[in-house]
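Below: one structure, written as structure tokens.
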Amino acid sequence: MESRTASLKGSRRSIPRHRETVLDILSQARYVPSFPVLRRIYVGDVAKARLSSRTRIGWTALVGRAYALVCQQLPELRDLYVAYPTPYLYRHPFSVCSISVQRKDDSGQERLIWGRWSNPEKESLASLQEKLDSISTAPLSEVYREGLTLEKFPRWIRRASWSISLRWMGRKRAKHIGTFSISSLGGQGALNLHHPLITASSLAFGPIDLEGDMDVVLICDHRTIDGVLAATALEKLEGTLQREIIDELEGACTSVRAA
């Protein structure tokens, strides 16, 4: 009887170092008053153009570049709320996109890391996809050096660093954390409707249905973005995907055929 009772006991283990980063982000996200806005957009024509392209372009690159172009049209989306020493809004001159990537570390263990695209509105789709592929496959010491360094410090130092970056320094927050982020489970057939937010806004999208529609969620920092602006941004996102993104995909196909 005693041996059976002992076998039912759970085990205790320390928190893996990489999970501490997730906890650090959660500790800061609780200070951000965020809300989600959902829009169903038609992407059937984009899907067809994507399949016709000789270069494989994932939906993260397509949606990320389209939203960066929208942020050019609506610069308010690049506003960051800075709390100290007195509250003010900092507007970065261009977008910086933070991308959540689930991948294996150098020892083969699954973990989350965060990569960045700086000024994605000026990059080609092929360039963004190449950078995303590198974030997903290259050694962590090459693509996540800053994050690995920060993970080595004690918790109180990490939390202080996060707090200073997010609440005291607008430019540093934009450069190192991002003006917007993408965290999507569309490739896994799911939609993460509301995830923690530490950028001004964050995108998530679900899988494409049989009619060519996709659910897209924009999670916003309510201190800088209101519901009407968020809805307008999603409307413009759909239009940008239908025009500029399709044009770029079709232009890449034409270039390949001409060559």
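The values are calculated or read from the model by the stated rules, or taken from the named source; none is laboratory data. These numbers come from a predicted model, not from an experiment. Note that we place each Cβ from the backbone using ideal geometry, even for glycine, and neighbour counts take in every protein chain shown.
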What do you reckon, is residue 206 closer than 23 Å to residue 236 by Cα, of a type outside the set (D, E, K, R) and assigned to a strand (DSSP E or B)?
yes
Check whether at least one residue in the stretch 169-183 is on the phi > 0 side of the Ramachandran plot and either polar (S, T, N, Q) or surrounded by 18 or more Cβ atoms within 10 Å (Cβ to Cβ) (or both), and report yes or no.
yes
Which of the residues belonging to the stretch 80-116 are touching a helix residue (DSSP H, G or I) at 6+ places or on another chain (Cβ under 6 Å) and aromatic (Phe, Trp, Tyr)?
84, 90
Against the conditions (1) at pLDDT below 95; (2) basic (Lys, Arg); (3) part of a helix (DSSP H, G or I), where does residue 13 fall short? Just the number, please.
(3)
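Each row is one residue, and each column tells you yes or no for (1) under 19 Å from the mean Cα position of the chain (by Cα); (2) more than 18 Å from residue 46 (Cα to Cα); (3) not acidic (Asp, Glu).
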site: 190; (1), (2), (3): yes, yes, yes
site: 207; (1), (2), (3): yes, no, yes
site: 226; (1), (2), (3): no, yes, no
site: 238; (1), (2), (3): yes, no, no
site: 243; (1), (2), (3): no, no, yes
Here are some residues: 231, 200. Which one is touching a residue at least 40 places away in the same chain (Cβ under 8 Å) and within 21 Å of residue 115 (Cα to Cα)?
200
Looking for something in contact with a Phe, Trp or Tyr (Cβ under 7 Å, 6 or more places away or on another chain) and either among the charged types (D, E, K, R) or modelled with pLDDT of 95 or more (or both) - is there at least one such residue anywhere in the stretch 181-198?
no
Qualifying residue in the stretch 141-158 (condition: in contact (Cβ under 8 Å) with a residue 60 or more places away in the chain, surrounded by fewer than 18 Cβ atoms within 10 Å (Cβ to Cβ) and more than 14 Å from residue 24 (Cα to Cα)):
no
Reported set for the stretch 202-249 where residues are surrounded by 15 or more Cβ atoms within 10 Å (Cβ to Cβ), among the β-branched types (Val, Ile, Thr) and within 23 Å of residue 35 (Cβ to Cβ) is 216, 217, 219, 224, 225, 232, 240
If I filter the stretch 144-159 for residues that are within 20 Å of residue 80 (Cβ to Cβ) and of a type in the set (Val, Ile, Thr), do I get at least one hit?
no
